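As structure tokens, the structure follows; a few thoughts come after it.
The values are calculated or read from the model by the stated rules, or taken from the named source; none is laboratory data. As the structure is a computational prediction, the values presented were derived from the model and not from experiment. FYI the Cβ positions are ideal-geometry reconstructions off the backbone, even for glycines, and counts take in every protein chain you see.
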Amino acid sequence: MSFPFLNGNEALNARLARVLESGTLSHAYIVYGDSPEERRKHGNLLASAHVCSSAEGERPCSVCKDCRKALRGIHPDIKPVLREKDKRNYGIDIIREMAMDASVLPNEAAKKVYIIPEGDLLTAKCQNAALKILEEPPAYAAFIILAESPGAFLETFRSRCIELFLGADTTGKTSGSGFADAFLKAFATRDPLETVSAALRLEKCERVELISELGELREAFVKQLRSSPASGEAYIAAADLVSRLLEMADANVSAGSIAGMLSAGCNMLLK
Ligand SMILES: [Zn+2]
């Protein structure tokens, strides 16, 4: 399954496909990523999946009337929540209005989706004002918050949302720690001790960071596969392994266990 609006970025496609294929969308997501454009695309994709009226098959189907409106940005039940232009942050009234509006039934779709495009600009007051609606939303309401990083969010706010961390964006810019590159090098040596010590770096990661590192690692394996198809099998298997670990990280399996499974799994592949 792939999504035309993701420009063929495979890691992002795979990540969202897992969310959408699982069939049950959560009522609240925070989508993190470096690029506002990528965040926007993912937010719209999730919103389309919420309103899609296709009875069966993939959601979003991109052909039903709801998907078509969503793709054109004119679906009446997908509501951007914008801050007032002259303010640096979201005002608390905007969030209160959103919560009130969420108690009104959707117009056309089965769901009503609020997209907060500048989640980094939600003050602690705003987040506190949103807690109740995030915790006990009406069955038809969904919230998608786009943000550059988790830094601005209260733990209580984050804990009510599913966090999706977009890996490297389509410009190929590498962010962060260099973990993916270091692990790939260790993997290429085929020396089990090298792999174990490279994987250890994951042990101390917070969950969001862990998901980001695994996302980058998966993308690095896929890239490697493209540049040296001859030695492809191990890289395909490794990318699959990392996909499974990403699901575990999503399900809150500890960083220590995931680091262990990464090194053990890769060493099995190299035997
Ligand atoms: Zn549809």
Is it true that E84 is at negative phi, away from the ligand (no atom under 16 Å from the Cβ) and not in a loop (DSSP other than H, G, I, E, B)? no
Let me spell it out: the conditions are (1) at pLDDT below 90; (2) within 15 Å of the ligand (Cβ to nearest atom), and H42 meets all of them except one. Which number is the exception? (2)
When the stretch 47-80 is examined, which residues are found to be free of Cβ contacts under 8 Å to residues at least 12 places away in the same chain and loosely packed, with under 14 Cβ neighbours inside 10 Å? A55, E56, G57, V63, R72, I74
Matching entry among A109, A102, A147 (being among the small types (G, A, S), without any contact (Cβ under 8 Å) to a residue 60 or more places away in the chain, closer than 27 Å to P60 by Cα and in contact with a strand residue (DSSP E or B) (Cβ under 6 Å, 6 or more places away or on another chain)): A102
If we keep just the residues of the stretch 105-121 that are surrounded by fewer than 18 Cβ atoms within 10 Å (Cβ to Cβ) and of a type in the set (A, V, I, L, M), which is nearest to A152 (Cα to Cα)? L121
Only one of L202, L225 is outside any helix (DSSP H, G or I) and either hydroxyl-bearing (S, T, Y) or in contact with a helix residue (DSSP H, G or I) (Cβ under 6 Å, 6 or more places away or on another chain) (or both), namely L202
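V81: touching a His at 6+ places or on another chain (Cβ under 9 Å) and modelled with pLDDT of 95 or more, yes or no?
Judged against the criteria, V81 is not a match.
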Looking at K85, K125, which is the one that is surrounded by fewer than 16 Cβ atoms within 10 Å (Cβ to Cβ), charged (D, E, K, R) and under 20 Å from L154 (Cα atoms)? K125
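Somewhere in the stretch 205-217, is a residue under 23 Å from Y32 (Cα atoms), of a type in the set (D, E, K, R) and not in a helix (DSSP H, G or I)?
Yes; the residues of the stretch 205-217 include at least one that is under 23 Å from Y32 (Cα atoms), of a type in the set (D, E, K, R) and not in a helix (DSSP H, G or I).
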State yes or no: is S35 farther than 20 Å from L134 by Cα, at pLDDT below 90, within 13 Å of the ligand (Cβ to nearest atom) and not basic (K, R)? no
Being among the charged types (D, E, K, R) and over 26 Å from the mean Cα position of the chain (by Cα) narrows it down to one residue among K79, K85, K65; which is it? K85
